[in-house]
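This report concerns only the one structure given below.
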Amino acid sequence: MDKDEVLATCMKHNFWTWSAQNHAHPIAVERAEGVYFWDMDGKRYLDFNSMVMCANVGHGEPRIRQAMIEQIETLTFAGPHMATLPRARICQKLLEIVPAGLEKFLFTLGGADANENAVKLARGYTGKFKILSQYRSYHGATFGALALTGDPRRTSWEPGVMPGVVHFSGPYRYRSALHASGEVISDEQLCRDYLHHLENIIRFEGPETIAGILMESVTGTNGVLIPPDGYLAGVRALCDRYHICLILDEVMAGFGRTGKWFACQHWGVTPDIMTMAKGLTGAYAPLGAVAMKAEVAAAYNEKVYQGGLTFNGHPVSLAAAIATIQMMQDDHIVDRAAQTGQVFAQELKQLMEKHPCIGEARSIGLFGAIELVKNRSSREPLADYNASSPTIKTLVNDLESAGLYIHAHWNVLLLIPPLIIRPEELREGFALIDKALTKVDHEIVKLNM
């Protein structure tokens, strides 16, 4: 098939997610290598979104491909009730990198079903029902995971989502729900006020009804919101005080994205349950996992866990995960992400200093966001909550035309490149963003006239 036939066939027969079907505009991708991919016309794109925030180790890594091939030649599939060499080996590899105390793993197909199984485990372990999660959050698109999600992707499907979820506000300095706009707030006060807010929610809902608090260690698509020092530890303390499971969603922030294997390790916090996916296989195969403390798993020593998946622990996906973790260890990818993250932060700072359309730029490791505004003083966003704008759409289209693949969520430009990216490749991407934002600067002058 040529490009036109591929596009025509896909547009006619493929159902596009997160899209109005008549307004989907897919790129006809042909191949990918390193931090780049090429379309069927031969145009090269620098991948600044790791495809879907998951290609952490880059594209076309031969060691991972070879591991998958060898597994296919040895054992293509074994049922979820069977012990296999890859199942044993992935457990050993995960024990090397997860926070100490997480000892047992339930394998899933991705992040959404990992989060749903985490909820089941917490409810069964505690004998309680409610789950608290943050408003500015995303935890997956299945009905249970959408109920956990706090942003408007949930409200589109209400009231048919999973019951028993209560949302609360998490710390977001630039647009704090608890403070006046522009108010100067120390990290200590920000942390204290949001922990006080959460404890009030716990008391109002009744701690005897709450099975778990589920949250992203670092909020992802809702703006790369990095908690202040002390916040995660404070949530951990509240969970201990009220006998609530702490469930951390590391689906996007995990596997080196923040400069640690898992984001919660920046603050020395170990959850009771932790979910992961995306970077677990570097996007070479679908796989998710739920890591849990021994005492959570022990609740099911005699009681049957009513849950499962046909492709739980698929040998080829597990082989991809084993090879991904080994490659990351051999090549010191997590340390490299932390080091390159310093260049990343400096490039963001320079953009912030140059472009008045940037209200705030923030990052941790190679996990970054640029918040675009009409006016720095008023902080009016360049696109409304749960909406885009002509200026944002033009910006993303201009960057794509220039060969930079990037994602915007409302008024926030997300910067999530593969962790193998070199400083010169980072600067290549930032130079394209710099040029495109100059056009946005001119636009906001008109908007403010």
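The values are calculated or read from the model by the stated rules, or taken from the named source; none is laboratory data. Note that the structure is a prediction, hence the values are computed from the model and not measured. Cβ: placed from backbone, ideal geometry, glycine included. Neighbour counts: every protein chain shown.
Just a few scattered comments:
- Residue within the stretch 284-303 that is part of a strand (DSSP E or B) and surrounded by fewer than 23 Cβ atoms within 10 Å (Cβ to Cβ) present: yes
- The numbered conditions (1) part of a loop (DSSP other than H, G, I, E, B); (2) of a type in the set (Lys, Arg); (3) within 18 Å of residue 118 (Cβ to Cβ) are all true for residue 260 except (3).
- Pairs with Cβ under 9 Å, 6+ apart, first in the stretch 237-252 and closer than 10 Å to residue 207 by Cβ, second charged (D, E, K, R) and in a helix (DSSP H, G or I): 238/199; 241/199; 242/199; 242/203; 242/208; 243/208
- Enumeration of residues in the stretch 127-143 that are farther than 17 Å from residue 203 by Cα and more than 20 Å from the chain's Cα centre (by Cα): 127
- Number of the exception - residue 295 against (1) farther than 24 Å from residue 218 by Cα; (2) within 15 Å of the chain's Cα centre (by Cα): (2)
- Only residues that are among the hydroxyl-bearing types (Ser, Thr, Tyr), over 17 Å from the mean Cα position of the chain (by Cα) and part of a loop (DSSP other than H, G, I, E, B) were counted across the stretch 144-171, and they come to 1.
- Applying a threshold of 7 Å to beta carbon distances and a minimum spacing of six or more residues, or different chains, the list of pairs starting in the stretch 423-446 at a residue that is farther than 18 Å from residue 382 by Cα and ending at one that is small (Gly, Ala, Ser) reads 432/402.
- Against the numbered list (1) in contact with an Asp or Glu (Cβ under 6 Å, 6 or more places away or on another chain); (2) surrounded by fewer than 18 Cβ atoms within 10 Å (Cβ to Cβ), residue 412 comes up short only at (2).
To keep it simple, each residue is scored yes or no on (1) within 24 Å of residue 260 (Cβ to Cβ); (2) buried (at least 24 other Cβ atoms within 10 Å of the Cβ).
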residue	(1), (2)
88	no, no
94	yes, no
101	yes, no
108	yes, yes
115	yes, yes
131	no, yes
141	no, no
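- Residues in the stretch 1-17 that are touching a residue at least 12 places away in the same chain (Cβ under 8 Å) and either farther than 15 Å from residue 39 by Cβ or in contact with a Ser or Thr (Cβ under 6 Å, 6 or more places away or on another chain) (or both): 11, 17.
- Check on residue 142, modelled with pLDDT under 95 and of a type outside the set (Gly, Ala, Ser): no
- Residue within the stretch 117-124 that is out of contact with any Ser or Thr (no Cβ under 9 Å at 6 or more places or on another chain), surrounded by 24 or more Cβ atoms within 10 Å (Cβ to Cβ) and closer than 21 Å to residue 169 by Cβ present: yes
- Sole residue being surrounded by 15 or more Cβ atoms within 10 Å (Cβ to Cβ), under 20 Å from residue 44 (Cα atoms) and within 23 Å of the chain's Cα centre (by Cα), chosen from 433, 364: 433
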